[in-house]
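Heads up, the thing below is written out as C-alpha cells.
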Amino acid sequence: MEIRECKRCLLLESGDKNNHETVVAYINKIKPEEKCDEEMYKKRLEICKNCDNLISGTCVKCGCYVEFRAAFKNKKCPDSKMRKW
C-alpha cells in the first residue's frame, strides 16, 4: 500500500500499515489502569480526524501518532490554545 500525505487521516487510512502495526503493538502494552476505555478512544480519534493539525496520523502540534496518544487515560490534546479533548 502506498503511503501518502493525508490531512485528517489516521495511520492505517494513510496507507502506513507498518507504523500502524507498531502503534497497535505499543497500545496493547499499555497497562489497563493507564488506558482509556474504547468509547473514549474512538471519540478522541474522531475529534482528531476533524482537526487541521492531523497529517497522516501525526499531530503537528506535538509530533505524536494520535492513535497512540489518544489511548492514554491521562493524556490531553496537545493544542494548548484550542484543546479539543
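Here are the numbers:
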quantity	calculated
Length released on extending from K61 to I47, taking residue separation times 0.36 nm less the Cα-Cα span	3.6 nm
Neighbour cut-off at most 11 other Cβ (10 Å), DSSP loop, trypsin sites (Lys or Arg not before Pro), the chain	R4, K29, K81, R83
At most 15 other Cβ within 10 Å, DSSP loop - GluC sites (Glu not before Pro), segment 4-85	E5
Percent RCO, i.e. relative contact order, over the chain, from Cα pairs under 8 Å lying at least 6 residues apart	36
Prolate/oblate/rounded label for segment 20-70 (Cα gyration tensor, a/c 1.5)	oblate
Alpha-carbon Rg with Dmax, taken over the chain, Å	12.2, 36
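Each reported figure results from applying straightforward, stated rules to the coordinates on display, with no laboratory input. Here the structure is a predicted model, which is why all the values come from computation and not from measurement. Neighbour counts are summed over all protein chains in view; Cβ atoms, including those assigned to glycine, are modelled from backbone coordinates with ideal geometry.
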